[in-house]
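Trainee: This is the structure I want to talk about, given as structure tokens.
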Amino acid sequence: MPYTLASQVNRLSGQHIELCYHCHKCTAGCPVVGAMEYGPDQLLRLAALDQRDLLLRSRDIWLCAGCYTCAARCPNDIDIVAVMDALRQTALAESYRAGERDALLFHRLFLGVVQRLGRSHEAAMLGLFKIFSRVPLLNDLGAGAGLFLRGRVPLLPHYSAPAARGVQRLFQRRD
Ligand code: SF4
Ligand code: SF4
């Protein structure tokens, strides 16, 4: 018998999404719920109802910022970030297109930068994203310059060889 989406997500994420009793606390605290179609607790409901197509096509799984607000608020200790990761993995494994334009490109570039540097680096991410997504290079120059002047986007990464090696070992385990 094929796996249900809920059992697949539980296995990949190490969570028990059936514990959710839809108190809505996660969704009430989510900073990007305004841009989502469903929000985190409805995503869990869709998984429990085995709405595979609806869920794996949803842009919500790609919009999640991984901020952990939902996990911190959940009275049942459900790690929704791990659930979102499992949903993205499943969507990719089953050849679904990311429901948000350029989300998959961003995801891959981010992981590529982290794999090479051992940490994220916003300036590198921004440059690579602009090149590969073909977004005009200068369309948000003002915002970028403001962040740079406030020291929020350093031009050079803080590289640490031991940290980079540690992260690369994690990627090797994943492969
Ligand atoms: S906070 Fe936890 S129990 Fe409440 S709806 Fe969200 S996942 Fe379900
Ligand atoms: S981790 Fe994702 S789903 Fe949870 S609160 Fe943050 S953005 Fe929302």
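Residue-wise test of (1) modelled with pLDDT of 95 or more; (2) more than 12 Å from ligand 1 (Cβ to nearest atom); (3) assigned to a helix (DSSP H, G or I).
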site: T27; (1), (2), (3): yes, no, yes
site: P31; (1), (2), (3): yes, yes, no
site: L43; (1), (2), (3): yes, no, yes
site: D50; (1), (2), (3): no, yes, no
site: L54; (1), (2), (3): no, yes, yes
site: W62; (1), (2), (3): no, yes, yes
site: G66; (1), (2), (3): no, yes, no
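Trainee: Also, I was wondering about something else. Filter region 1-14 down to the residues that are hydroxyl-bearing (S, T, Y) and either open to solvent by 30 Å² or more (accessible area, probe 1.4 Å) or over 19 Å from G66 (Cα atoms) (or both), then identify the one that is farthest from ligand 2 (Cβ to nearest atom).
Mentor: Taking the candidates together, the pick is Y3.
Trainee: Here's another thing I want to ask about it. Being open to solvent by 30 Å² or more (accessible area, probe 1.4 Å), out of contact with any Asp or Glu (no Cβ under 6 Å at 6 or more places or on another chain) and assigned to a loop (DSSP other than H, G, I, E, B) is true for just one of L137, L128. Which residue is that?
Mentor: L137
Trainee: Here's another thing I want to ask about it. Condition first: surrounded by 18 or more Cβ atoms within 10 Å (Cβ to Cβ) and either of a type in the set (G, A, S) or within 14 Å of ligand 2 (Cβ to nearest atom) (or both). Now tell me which residues in region 53-62 satisfy that.
Mentor: L55, S58, D60, I61, W62
Trainee: Restricting attention to region 83-114, which residues are open to solvent by 20 Å² or more (accessible area, probe 1.4 Å), touching a Ser or Thr at 6+ places or on another chain (Cβ under 7 Å) and among the small types (G, A, S)?
Mentor: Listed by number, the list holds a single entry, G99.
Trainee: Does region 15-22 include one or more residues that are assigned to a helix (DSSP H, G or I), within 20 Å of the chain's Cα centre (by Cα), within 19 Å of P75 (Cβ to Cβ) and near ligand 2 (Cβ under 10 Å from one of its atoms)?
Mentor: no
Trainee: Residues of region 19-50 being of a type in the set (S, T, N, Q) and open to solvent by 80 Å² or more (accessible area, probe 1.4 Å), which ones?
Mentor: Matches in region 19-50: Q42 only.
The values are calculated or read from the model by the stated rules, or taken from the named source; none is laboratory data. Computed from a predicted structure; not experimentally measured. Cβ: placed from backbone, ideal geometry, glycine included. Neighbour counts: every protein chain shown. Ligands, DNA and RNA are excluded from the accessible area calculation, which covers all protein heavy atoms including side chains. Shrake-Rupley method; radii C 1.70, N 1.55, O 1.52, S 1.80 Å.
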